[in-house]
Structure formats: structure tokens, C-alpha cells
Amino acid sequence: MTAETAGASAGRTAGEWRGWRAATQEALYGEQGFYRRPEGPAGHFRTSVHASPLFAGAVARLLCRVDEALGRPASLGFVDMGAGRGELVTGVLAALPPEVAARARGYAVELADRPADLDHRVEWLPEPPGGLTGLLFANEWLDNVPVEVAEVDRAGVPRLVLVRPDGTERPGEPVAGADAEWLARWWPLPPEPGLRAEIGLPRDTAWAAARATVGRGLAVAVDYAHTAGARPPFGTLTGFRAGRGTAPVPDGSCDLTAHVALDACAGPGARLLTQREALHALGVSGGRPPLSLASTDPAAYVRALAGAGEAAELTATGGLGDFGWLVEPTGIPDPLL
């Protein structure tokens with residue numbers, strides 16, 4: 001989480017009605033918010049970072065490609081947006097070749113306190129540094145940027161959904177202004193009562209701000225995503241607690257997340273691809289090792305088999321492989337082409 005997503009307020013009453021954006025801001029990022037907890041995201045759900053070190057290795061190879069495209073600068077930055085407890089940036093720095101690691105600087109962007117045992121090479125920041133030369137990587141960050149929820153009423157009018165801390169909902173005012181313009185452009189709702197959408201304008205703004213910090217290099221956003229023509233008719237807002245899906249209740253007891261309209265976030269020159277495509281391009285494959293290795297080097301075969309299983313999970317259809325990757329180069333060719 002970053003200051004862009006943060007919002008804390010005091011004196012909330014149990015019966016207060018708010019839009020989902022304000023309710024989520026407090027529930028996730030307030031002083032007692034879900035993401036302020038010491039266990040961090042890894043205590044409640046499994047991301048690609050937690051699934052296998054192969055993911056950090058692939059991101060390290062991507063950073064090396066960016067480094068090459070930049071002409072091997074004296075200082076190469078890697079920014080981990082919404083860093084959790086710094087797992088990804090730590091893994092990436094550890095996986096770099098020595099020559100690249102000697103020039104690399106790691107930045108973890110997160111509002112929670114810095115973990116005591118974090119690699120001393122990682123700078124802990126509430127916002128990404130400006131003028132970055134290198135790679136900015138946002139893994140499952142945008143899905144936690146709070147958004148408003150709209151629902152079509154009986155008259156066919158999209159209205160903001162209001163919610164109380166216990167999760168009870170009621171319709172609010174009709175969607176208007178910039179939110180209405182965003183819906184019309186990116187997620188038009190037919191006049192059918194009950195249809196819902198998450199208004200992704202705050203995510204577009206948050207991503208544009210993050211992307212703008214890259215002076216030369218690459219910005220990548222990775223998330224559960226959908227695109228125009230395949231929007232879910234009833235939205236995707238949900239909760240997670242202790243590794244399981246749960247009702248979205250904005251009381252700080254669970255994660256609150258919604259899939260990202262990555263096509264709306266994309267700037268000029270951006271490209272969308274699946275995680276399966278991106279990781280294959282970075283050398284991560286779920287192919288099994290040859291059986292001949294089992295007879296010549298059984299230990300190596302077991303290690304290779306375990307790695308193939310982890311790679312298969314990261315690239316699986318219907319799972320992590322379906323994540324969207326939004327890739328936006330600045331001043332360099334797309335290193336994933």
C-alpha cells in the first residue's frame with residue numbers, strides 16, 4: 001500500500017453509511033487497518049511472490065533486460081510497489097548476477113513499518129522515488145487501491161453503493177461527474193437492475209502517478225484483471241482472511257479487493273499480456289525434466305521436478321497464469337518483446 005491508497009479517520013460510528021472507496025481506505029489503511037497488521041499479506045493469502053522463488057528470479061531477469069536496454073547505468077533502481085514485508089525486492093536483489101547486483105538499488109514502497117530483518121540494501125519508502133532509472137514493479141497493488149462500487153437500480157440508473165462497517169449495503173446517489181464518464185467509457189452498465197461495476201478511476205490515477213516516476217526504464221503492473229468486452233456483470237469485490245475468500249466487510253478484519261480494469265490504466269505505448277505469456281518469455285516453464293535425469297542424477301531430477309511444479313502453478317490457466325501484466329516502457333524498447 002502507498003499514501004495514494006491510504007485513508008484513516010477517527011470517530012466512525014457503527015451505523016455510518018459511506019461509499020465503498022472511503023470504507024475500504026479506512027478498513028485497509030487506517031491506523032488499525034488490515035494492512036497495518038504485523039503478519040502482512042502473506043499471513044492471509046498466497047501471491048505469485050509467495051508461491052515460488054521462481055517469480056522473483058523471473059523479475060530479476062526482467063530487471064537485467066531493462067539494465068541492458070538502458071546501457072548498464074551506474075545506478076539501476078528496482079521499485080517494489082505495495083511491497084508487503086519486502087519479499088519480492090529481497091528475492092530480486094538476491095537473484096541478480098553479481099555485476100548487476102553491485103549497481104542495483106532496491107526500494108520498497110509500503111505504509112506499514114519496515115521489517116526489522118529486511119536487507120539493509122532496501123530503502124523503505126511511503127512513495128516511489130522520482131526520476132527512476134530501472135524497473136518499477138507493482139505486483140497485486142492496484143487491486144487494493146480503493147474504488148467506488150456502482151449498482152443499477154430498478155429504474156435502470158447506476159447508483160453509488162453505500163456500506164456500513166458490518167457490510168450492510170444500500171443505494172446512494174446516482175453516479176455523476178468523472179465517475180460517470182469513466183463508467184460510460186470503460187464499463188458501461190446496461191439498464192438491468194442489479195448489475196454492478198467497480199469504478200476504476202482512482203486506479204488509473206494511481207498507476208499514472210507511479211508510472212510517471214520512471215524517468216527511463218519500465219513500469220509493470222501485475223494483477224487479477226479484466227478488459228472491455230469481458231467485464232464481470234456483477235463486479236468482483238470480495239474479501240480474504242486467513243487464506244480463504246470471505247464476504248467483503250469493511251471493518252478491518254479482512255482484505256478487500258476487486259479485479260483491475262488494466263486496459264483503462266494503460267497509457268500510450270502500453271501492452272497487455274497474461275502472466276503465463278510474460279513468464280514464458282522470461283524462461284519460466286512448467287515442463288517436466290527428462291526422465292533420463294532420474295537415473296543419472298536423482299537429486300537433480302527431484303529438484304527439477306519441484307521447480308517444474310512451482311512453474312506450473314505460476315503459469316496455470318485458470319489460476320496465477322491468468323493474471324494480467326501491464327507493461328509500459330519509457331525511453332527503451334519493450335524488453336518482453
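The values are calculated or read from the model by the stated rules, or taken from the named source; none is laboratory data. As the structure is a computational prediction, the values presented were derived from the model and not from experiment. Cβ coordinates were reconstructed from backbone atoms using ideal geometry, including for glycine residues, and neighbour counts include every protein chain displayed. We work out accessible area using only protein heavy atoms, side chains counted, and drop any ligands, DNA or RNA first. Shrake-Rupley method; radii C 1.70, N 1.55, O 1.52, S 1.80 Å.
Below is a table of values for the structure above.
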{"read-out": "DSSP bridge pairs, the chain: antiparallel proportion in percent, nearest 5", "value": "55"}
{"read-out": "Pairwise label distance in nanometres, T205 with E123, each label 7 Å out on the Cα-Cβ vector", "value": "2.7"}
{"read-out": "Accessible surface of the chain, 1.4 Å probe, proportion on carbon and sulfur as whole %", "value": "55"}
{"read-out": "Full-stretch length increase - L273, A51 - with 0.36 nm per residue and alpha-carbon distance subtracted", "value": "77.9 nm"}
{"read-out": "Prolate/oblate/rounded label for the range 190-272 (Cα gyration tensor, a/c 1.5)", "value": "oblate"}
{"read-out": "Solvent-accessible ranking of R185, R241, largest area first, probe 1.4 Å", "value": "R185, R241"}
{"read-out": "Charge dipole (the range 149-278, unit charges on Cβ, about Cα centre) - positive-most of V220, A176, A258", "value": "V220"}
{"read-out": "Per residue, in Å², the accessible surface of the chain once ligands and nucleic acids are set aside, probe 1.4 Å", "value": "43"}
{"read-out": "Simple label model, 7 Å out from Cα along Cβ direction - A212 to T296, nm", "value": "5.6"}
{"read-out": "Whole-number D in µm²/s for the chain (Stokes-Einstein; Kirkwood sum over Cα pairs; 25 °C, 0.890 mPa s)", "value": "117"}
{"read-out": "In Å², nearest 10: area of E192 left accessible to a 1.4 Å probe", "value": "100"}
{"read-out": "Computed lengthening from D322 to E192, 0.36 nm per intervening residue step minus Cα-Cα distance", "value": "43.9 nm"}
{"read-out": "Computed FRET value (nearest 0.05) for E99 with S285, which takes r as the C-beta separation and R₀ as 30 Å", "value": "0.70"}
{"read-out": "The chain, dipole about Cα centre (Lys/Arg Cβ +1, Asp/Glu Cβ -1), debye to the nearest 20", "value": "360"}
